[in-house]
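Enquirer: Please see the structure below; I have some questions.
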Amino acid sequence: MYWTLHTHGGPRRVNHAAALVGDKIYSFGGYSSLEEYRLWEPISVHVLDTTVYKWAPVEYSNLIGAPFQRYGHTCVTYGDKIYLWGGRNYTVPCDIVYCFDTEELKWSTPLVSGRIPNGKDGHSACIVNNKMYIFGGFDYITDEYTNNLHYLNLQTMEWCYVCAKGSPPVGRDFHTALAYGDRMYIFGGRSELSRPHSNDQEYYCDLVYYFDTVTETWVKVKAKGVKPDGRRSHSSWIHNDFMYIFGGYNDRKKTHYNDIHRYSLLSNHWEFINVYGTPPCKRRRQVCILYNDKYSDKVYLFGGTSPTDNVPVETKDDESEDEERVLDKDDLHLLEYLPSLKVLCIMYITKNKMNTAELPNDLLVDIQIMTQPNKISSPIEEML
């Protein structure tokens with residue numbers, strides 16, 4: 001595994017959500033402490049063309065009926081459509097299901113029935129057998145971290161509250177959930193040990209749970225190996241029967257991460273992964289999307305926020321960070337499982353600033369594609 005591409009100038013976002021359709025990645029909402037946040041404007045959408053690694057804003061056709069700007073939401077891909085749920089702005093959470101048609105670039109609000117979950121943020125969502133499962137998150141009506149489980153049947157558009165058996169994970173937010181066969185795997189997140197809420201009472205779970213959707217039973221896994229620290233606002237994905245996690249934050253330890261660990265879904269074993277190349281800086285609230293390319297499987301990482309000693313920027317959400325200075329990111333990183341020889345050569349050329357005058361034109365084009373910045377966000381120096 002190699003960290004290969006690294007460019008700047010993409011959407012500067014934290015707590016955004018994204019989904020892959022075909023060879024394009026669509027990113028929805030989020031916020032940045034360096035940009036004006038307009039509560040009730042329609043949500044921003046950007047699309048990444050994975051063939052040239054470039055972002056572009058999406059001008060969807062119907063502003064009326066689009067979701068309002070938000071963060072802490074989730075979205076999932078179902079066919080050529082993307083379903084967005086939850087999240088909040090500074091004022092209210094949302095419980096409406098929105099559907100974005102990637103062919104027509106149009107929003108709709110499907111008519112749903114059943115037991116609709118309370119609006120919340122920091123929950124997780126994944127699809128198992130045509131059902132979008134929603135787990136956890138912070139519920140602003142009950143004012144608590146939840147461990148409720150609902151699903152939306154995407155064929156009938158009916159919500160169902162799941163009366164699960166077994167011992168569920170404790171209530172949490174900003175964890176991750178991944179579909180693997182008939183199971184949904186949960187890792188990480190932030191919980192609280194007692195009320196009233198305080199940072200000293202936060203709990204960061206380092207256990208693996210899965211929910212069996214056939215028997216509707218929660219199982220706490222007895223994992224072997226060296227497990228990663230508990231954390232929140234990390235990213236995860238599944239590749240070849242392994243669950244990978246990257247980054248995140250643990251407030252009890254005042255620690256951001258940029259490590260990669262993987263958990264074997266077959267042998268219940270954790271291990272740390274040493275990745276070649278230059279990794280992204282330590283961060284949280286980023287997005288990672290796995291793309292199964294015909295040449296090399298890749299993970300696209302973008303956005304998030306990182307600690308800094310040089311720029312006096314503070315978070316603007318409702319999470320107390322003890323006046324921690326952080327910088328919201330506009331960068332794009334590419335993690336390749338098996339990069340081509342051409343990509344490795346380009347990395348060597350750019351790292352060593354070699355003379356490219358005698359290189360063939362097709363290689364010069366590839367170097368430009370891999371190094372040219374995006375133009376969505378201004379350089380940080382221009383914004384301060």
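Enquirer: I'm checking my understanding of the structure. Among residues of region 101-127 that are of a type in the set (A, V, I, L, M, F, W, C) and over 18 Å from the mean Cα position of the chain (by Cα), which one is nearest to Gly22 (Cα to Cα)?
Expert: Leu105
Enquirer: Out of (1) surrounded by fewer than 23 Cβ atoms within 10 Å (Cβ to Cβ); (2) more than 30 Å from Cys345 (Cα to Cα); (3) in contact (Cβ under 8 Å) with a residue 24 or more places away in the chain, the odd one out for Thr7 is which?
Expert: (2)
Enquirer: Within region 54-65, how many residues turn out to be at pLDDT 95 or above and either within 18 Å of the chain's Cα centre (by Cα) or within 30 Å of Val128 (Cβ to Cβ) (or both)?
Expert: 2
Enquirer: Ok, one more. How many residues does region 9-53 hold that are within 15 Å of the chain's Cα centre (by Cα) and of a type in the set (Phe, Trp, Tyr)?
Expert: Residues in region 9-53 being within 15 Å of the chain's Cα centre (by Cα) and of a type in the set (Phe, Trp, Tyr): 3 in total.
Enquirer: Sticking with this structure for a sec: Going through Asp309, Asp293, Asp317, Asp322 one at a time, which residue ends up being within 17 Å of Met1 (Cβ to Cβ) and either at pLDDT below 85 or part of a helix (DSSP H, G or I) (or both)?
Expert: Just a single option satisfies the conditions, and that option is Asp293.
Enquirer: Take the residues in region 176-191 that are open to solvent by 40 Å² or more (accessible area, probe 1.4 Å) and either modelled with pLDDT under 95 or part of a loop (DSSP other than H, G, I, E, B) (or both), then tell me which one is nearest to Tyr145 (Cα to Cα).
Expert: Asp182
Enquirer: Tell me, which residue of region 51-69 that is hydroxyl-bearing (Ser, Thr, Tyr) and farther than 30 Å from Val343 by Cβ is least open to solvent (accessible area, probe 1.4 Å)?
Expert: Residue satisfying both the conditions and the ranking: Tyr60.
Enquirer: With respect to Ile127, determine if the residue is open to solvent by less than 10 Å² (accessible area, probe 1.4 Å), at pLDDT 95 or above, β-branched (Val, Ile, Thr) and out of contact with any His (no Cβ under 9 Å at 6 or more places or on another chain).
Expert: No, not satisfied.
Enquirer: With (1) open to solvent by 10 Å² or more (accessible area, probe 1.4 Å); (2) over 24 Å from Ile273 (Cβ atoms); (3) at pLDDT 95 or above as the list, and Ser194 as the residue in question, which single condition is left unmet?
Expert: Of (1) open to solvent by 10 Å² or more (accessible area, probe 1.4 Å); (2) over 24 Å from Ile273 (Cβ atoms); (3) at pLDDT 95 or above, only one is false for Ser194: (3).
Enquirer: A further question follows. Can you name the number of the only condition in (1) in a loop (DSSP other than H, G, I, E, B); (2) open to solvent by less than 40 Å² (accessible area, probe 1.4 Å); (3) of a type in the set (A, V, I, L, M) that Leu48 fails?
Expert: For Leu48, the failing item is (1).
Enquirer: Return only the number of the condition from (1) surrounded by fewer than 21 Cβ atoms within 10 Å (Cβ to Cβ); (2) in contact with a helix residue (DSSP H, G or I) (Cβ under 9 Å, 6 or more places away or on another chain); (3) at pLDDT 95 or above that Lys282 does not satisfy.
Expert: (2) is the only condition that Lys282 fails.
Enquirer: Then there is this: Please go through region 15-37 and give me each residue that is charged (D, E, K, R) and either open to solvent by less than 20 Å² (accessible area, probe 1.4 Å) or in a loop (DSSP other than H, G, I, E, B) (or both), ordered by number.
Expert: Asp23, Glu35, Glu36
Enquirer: For the subset of region 138-175 comprising residues that are farther than 20 Å from Asp251 by Cα and polar (S, T, N, Q), which member is most open to solvent (accessible area, probe 1.4 Å)?
Expert: Gln155
Enquirer: With the checklist (1) touching a strand residue (DSSP E or B) at 6+ places or on another chain (Cβ under 6 Å); (2) over 26 Å from Gly277 (Cβ atoms); (3) outside any strand (DSSP E or B) in hand, flag the one item Arg12 doesn't pass.
Expert: The one condition Arg12 does not meet is (2).
Enquirer: Then there is this: Kindly establish whether Ser267 is at pLDDT below 95, surrounded by fewer than 17 Cβ atoms within 10 Å (Cβ to Cβ) and of a type in the set (Gly, Ala, Ser).
Expert: So Ser267 does not fit the description; no.
Enquirer: Additional query: How about region 70-111: which of its residues are open to solvent by less than 40 Å² (accessible area, probe 1.4 Å), at pLDDT 95 or above and either in contact with a helix residue (DSSP H, G or I) (Cβ under 6 Å, 6 or more places away or on another chain) or not in a strand (DSSP E or B) (or both)?
Expert: Residues satisfying the conditions are Arg70, Gly72, His73, Gly86, Gly87, Cys94, Val97, Thr102, Pro110.
Enquirer: Specify which of the listed residues (Phe246, Phe211, Phe242) is more than 19 Å from Gly166 (Cβ to Cβ) and surrounded by 21 or more Cβ atoms within 10 Å (Cβ to Cβ).
Expert: Result of the check over Phe246, Phe211, Phe242: Phe246.
Enquirer: Where the second residue is at pLDDT 95 or above and in a strand (DSSP E or B) and the first is under 19 Å from Arg88 (Cβ atoms) and lies in region 314-341, which pairs have Cβ atoms under 6 Å and are six or more apart or on separate chains?
Expert: Listed by first residue and then by second, the contacts come to Asp328/Val14; Asp328/Thr305.
The values are calculated or read from the model by the stated rules, or taken from the named source; none is laboratory data. In this text, all values refer to a predicted model and were calculated from it rather than measured experimentally. Here Cβ is always computed from backbone atoms with ideal geometry, including for glycine, and neighbour counts include all displayed protein chains. Only protein heavy atoms, including side chains, enter the accessible area calculation; ligands, DNA and RNA are left aside. Shrake-Rupley method; radii C 1.70, N 1.55, O 1.52, S 1.80 Å.
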